[in-house]
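Asks: Next up is a structure, given as structure tokens.
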Amino acid sequence: MMQWMEKYFIPIAGRIGAQRHLVAIRDGFVSVIPFIIIGSFAILLNNFPLPSIERYLEFMTGIFGENFTMFGGNIWNASYAILAVLVTMSIAYHLARSYSVDGLSAAILSVSTLVMVSPFTEDWGLSLAWTGSQGLFVALFNALIVTELFRLLVNSRFTIKMPQGVPEGVTKSFRSLIPILIILTGLSLFQMFMTLVVELSVHELIFNWIQAPLLSLSNSLPAALIVVFLNHLLWFFGLHGTNILSPVMEGVYLTASIQNTELVQAGASIFGNELAIVTKAFFDSYVFMGGSGTTLALIAAIFIVAKTSHYRTVGKLGGPGAAFNINEPIMFGMPIVLNASLLIPFLLIPLLLTVISYFAISFGFVPKTAVAIPWTTPPIISGFLVSGHWSGVILQLFNLALATLIYIPFLKASERAQEKIEKENQMP
């Protein structure tokens, strides 16, 4: 099985992880993470996810006055409300740079084309309904398609070449002139067709046919288990599963997190059925504690039962990073990668925690994740922030305790093998 995986699965997974467009999507979302984090805390300030939100609002109004929500609202307008615009700009920039094409021109063009296909309000204002999370899929496709067209046209004969000595900025602008003209002209004709014949915007078409069904499917337990399994299987073979699957995590599950936050902003209950159960915050807070494989529990097991100097040293060195969900020292220092003794718990524990967390939220024991937080937020803190309730912390503690108990017997078996290696190395 290992030989088959190494021969067929790993090369394919490696090529997928290095695929230019997927890398651009990953890097594009990573670039806008600061806006997502800051916007999340602004929404958290205005609508702290407590079962009794009225008391919180009365408390804050009594201290800061009736207009206290204006502060967080302004930050929301500059982050969540235009998230699709930020994402399309960022992805286009990174994709163009991967082709050694002018990234700034591609980013500006991507924003321009997104505005062209976006619905406007009756008073000719850009509709914020489609510049936020609902417009992310269109923003993603827009960035990829427009940048590819821009790249092809810029590298063709349809450009204006300036003589030597002209400033570089001017040269780039004139070189982009005809490609931008062709793209905007073609897209304008396409937009006329959508408006006059189809009578739907691209946003509405993509949302109804792709985005809504995909988000609904991703919110299921089987889909969550598939994502978790693939992530850890890739990691076991030394491939960065988190990075390889980041287009799915960012494009689908981060979108679900953002939509939950927006629903809470609009007054929805954190226990409401309209909120998604499976989000990126769900994985980061309840499954990937300490990083992939719930390695914080493995470190706890090391301090409880490990006797070999190698494991205890790795636990001490990897512990501080794992507290912030950074676990590369554990993955390659234990190692977990290609360590058959730890394969079963490394794959089994995240799957089990996904099932437990899913049903704990589904049955109403724990609120749904209502805030998109940084993935480096330490457990306990993250459990309270994403749920706004101590039950989120209790679920984390239960998951960590269960994962630690499962790791212990496998760690002992792995340690016996490690002890044998250490004794052989000490022999003259």
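Asks: Of all residues in the range 272-294, how many are touching a residue at least 60 places away in the same chain (Cβ under 8 Å) and more than 20 Å from ILE381 (Cα to Cα)?
Replies: 3
Asks: Shifting gears a bit: Of the conditions (1) within 22 Å of the chain's Cα centre (by Cα); (2) closer than 19 Å to SER31 by Cβ; (3) in a helix (DSSP H, G or I), ILE145 clears all except one; give me its number.
Replies: (2)
Residue-by-condition table, conditions (1) within 18 Å of GLU262 (Cα to Cα); (2) open to solvent by 40 Å² or more (accessible area, probe 1.4 Å); (3) at pLDDT 80 or above; (4) in a helix (DSSP H, G or I):
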residue	(1), (2), (3), (4)
MET5	no, no, no, yes
ILE12	no, yes, no, yes
ILE16	no, yes, no, yes
ILE25	no, no, yes, yes
VAL30	no, yes, no, yes
PHE41	yes, yes, no, yes
ILE63	no, yes, no, yes
ASN74	yes, yes, yes, yes
LEU83	yes, no, yes, yes
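Asks: Now for a separate question. Which residue out of PHE271, PHE288 is among the aromatic types (Phe, Trp, Tyr) and closer than 22 Å to VAL23 by Cβ?
Replies: Among PHE271, PHE288, only PHE288 is among the aromatic types (Phe, Trp, Tyr) and closer than 22 Å to VAL23 by Cβ.
Asks: Suppose we filter the range 353-389 for residues that are open to solvent by 10 Å² or more (accessible area, probe 1.4 Å), at pLDDT 85 or above and more than 14 Å from VAL264 (Cα to Cα); how many remain?
Replies: Residues meeting the conditions: 14.
Asks: Is it true that VAL115 is in contact with a helix residue (DSSP H, G or I) (Cβ under 9 Å, 6 or more places away or on another chain), among the aliphatic types (A, V, I, L, M) and open to solvent by 30 Å² or more (accessible area, probe 1.4 Å)?
Replies: Details: in contact with a helix residue (DSSP H, G or I) (Cβ under 9 Å, 6 or more places away or on another chain): yes; among the aliphatic types (A, V, I, L, M): yes; open to solvent by 30 Å² or more (accessible area, probe 1.4 Å): yes.
Judged against the criteria, VAL115 is a match.
Asks: Quick check on the range 179-194. Is at least one of its residues within 20 Å of ILE258 (Cβ to Cβ) and among the β-branched types (Val, Ile, Thr)?
Replies: Here is the first cut: in the range 179-194, the ones within 20 Å of ILE258 (Cβ to Cβ) are none.
No, the range 179-194 has no match at all.
Asks: Only one of VAL101, VAL117 is among the β-branched types (Val, Ile, Thr) and over 19 Å from GLY186 (Cα atoms). Can you tell me which?
Replies: After applying the criteria, what remains is VAL101.
Asks: Sticking with this structure for a sec: Checking the condition in contact (Cβ under 8 Å) with a residue 12 or more places away in the chain and either more than 30 Å from ILE270 (Cα to Cα) or out of contact with any strand residue (DSSP E or B) (no Cβ under 9 Å at 6 or more places or on another chain) (or both), which residue from GLY65, GLY125, GLY132 passes? Spell out the reasoning first.
Replies: Details: GLY65 fails: in contact (Cβ under 8 Å) with a residue 12 or more places away in the chain; GLY125 fails: in contact (Cβ under 8 Å) with a residue 12 or more places away in the chain.
The conditions single out GLY132.
Asks: Right, here's the next one. Tell me, which helices (runs of 4 or more DSSP H) wholly within the range 229-347 include 1 or more residues that are within 24 Å of ASP27 (Cβ to Cβ), open to solvent by less than 20 Å² (accessible area, probe 1.4 Å) and not aliphatic (A, V, I, L, M)? If you could, list the steps in order and put the result at the bottom.
Replies: Numbers: elements: 241-244, 254-265, 280-286, 295-305, 309-322, 328-333.
The helices (runs of 4 or more DSSP H) meeting that bar are 241-244, 254-265, 280-286.
Asks: Of all residues in the range 150-181, which are open to solvent by less than 70 Å² (accessible area, probe 1.4 Å), not in a loop (DSSP other than H, G, I, E, B) and not hydroxyl-bearing (Ser, Thr, Tyr)?
Replies: Those that are open to solvent by less than 70 Å² (accessible area, probe 1.4 Å), not in a loop (DSSP other than H, G, I, E, B) and not hydroxyl-bearing (Ser, Thr, Tyr): PHE150, ARG151, LEU153, VAL154, GLY169, VAL170, ILE178, PRO179, ILE180.
The values are calculated or read from the model by the stated rules, or taken from the named source; none is laboratory data. Model, not experiment: these values are computed from the prediction. All Cβ positions, glycine included, derive from the backbone under ideal geometry; neighbour counts span all protein chains shown. Please note that ligands, DNA and RNA were not included when accessible areas were found on the heavy atoms of the full protein model with its side chains. Shrake-Rupley method; radii C 1.70, N 1.55, O 1.52, S 1.80 Å.
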